[in-house]
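The values are calculated or read from the model by the stated rules, or taken from the named source; none is laboratory data. Just so you know, these numbers come straight off a predicted model, no measurement behind them. Glycine also receives a Cβ, built like all others from the backbone with ideal geometry; neighbour counts cover every protein chain displayed. SASA here: full protein model, heavy atoms, side chains in, ligands and nucleic acids out. Shrake-Rupley method; radii C 1.70, N 1.55, O 1.52, S 1.80 Å.
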Amino acid sequence: MALAAGLAAISPATGGSLRDGQASFSRGDYIRAARLLAPIARRGNPRAMTMLGYMYDNGFGVPQSYDAAVELYSGAAQRGDPIAQHLLGLMYDKGHGVDRDDVLAYKWLSLAAGAAPFREREPYLRIRNAVASKMSPNQIVEGQRLALGWRRS
């Protein structure tokens with residue numbers, strides 16, 4: 001498990017909170033943010049998992065690793081985080097860290113749009129619809145079926 005080794009390599013932080021990690025991220029102090037978010041992500045906090053996944057996706061404060069990003073996004077997406085669902089859908093659309101799969105991209109992007117706050121829903125739907133424009137009608141039906149059958153873990 002590449003992620004476990006990567007998270008273990010980030011030196012543990014003491015007394016850090018999700019809010020401290022978010023503040024460090026917002027200031028651009030990505031190394032500190034990674035140190036603060038890693039233990040929280042290991043405990044399964046979906047927001048910390050999503051933020052740390054984004055950092056691995058883009059190489060902010062940690063070595064860039066699409067595999068680690070997908071693992072973190074997947075964990076947070078399964079816990080119902082719409083941002084992680086959206087980012088995981090984009091990973092499937094681009095084939096970053098996973099095999100390219102329009103049906104799974106559509107599934108995760110649909111779930112993200114459905115769970116997003118109302119004001120954020122439209123941009124999510126536009127991206128989901130852009131993926132749908134590359135798909136056959138049968139693939140869209142399959143993506144919808146997968147989204148409808150999804151259950152938060």
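Counting Lys and Arg as +1 and Asp and Glu as -1, each charge on the Cβ, what is the dipole of the range 22-153 about the Cα centre in debye, to the nearest 20?
Computed charge dipole of the range 22-153: roughly 440 debye.
Suppose we flag trypsin sites (Lys or Arg not before Pro) only when DSSP calls them loop and at most 14 other Cβ atoms lie within 10 Å. Which is the longest uninterrupted stretch of the chain?
44-99
Whose amide H sits under 5 Å from the amide H of residue 17, counting only residues 5 or more places off or on another chain, with H placed in the peptide plane?
Long-range HN contacts for residue 17: none found.
Calculate one ³J(HN,Hα) per residue across the range 57-70 by plugging θ = phi - 60° into the Karplus curve 6.51 cos²θ - 1.76 cosθ + 1.60, and present them in order as whole Hz with x for glycine and proline.
4, 10, x, 8, x, 9, x, 4, 8, 5, 4, 5, 4, 4
Over the range 67-113, what percent of the accessible surface lies on carbon and sulfur atoms, probe 1.4 Å?
Of the solvent-accessible surface of the range 67-113, carbon and sulfur hold 45 percent.
Of the options 96, 30, 133, report the single residue whose Cα projects farthest towards the positive end of the charge dipole of the range 4-153 (beta-carbon charges: Lys, Arg +1; Asp, Glu -1).
So the residue furthest toward the plus end is 30.
Before I look further, what does the chain give for accessible area per residue, probe 1.4 Å, in whole square angstrom?
Spelled out: the 1.4 Å probe surface of the chain, per residue, equals 52 Å².
Give me the dipole magnitude in Debye, nearest 20, for the range 103-153 about the Cα centre, with unit charges on the beta carbon: positive for Lys and Arg, negative for Asp and Glu.
About 100 debye.
If you wrap a convex hull around the alpha carbons of the chain, what volume per residue comes out, as a whole number of Å³?
Per-residue hull volume (Cα only) is 107 Å³.
In terms of the Cα gyration tensor, with a ≥ b ≥ c the square roots of its eigenvalues, is the range 66-143 rounded because a/c is under 1.5, prolate because a/b exceeds b/c, or oblate?
It comes out oblate by the Cα gyration axes.
Of 55, 65, 109, whose Cα points farthest to the positive end of the dipole of the range 52-123 (charges on the beta-carbon: +1 Lys, Arg; -1 Asp, Glu; origin at the Cα centre)?
It is 109.
Distance between Cα centroids, the range 30-58 to the range 83-127: provide it in whole Å.
Result: 20 Å between the Cα centres.
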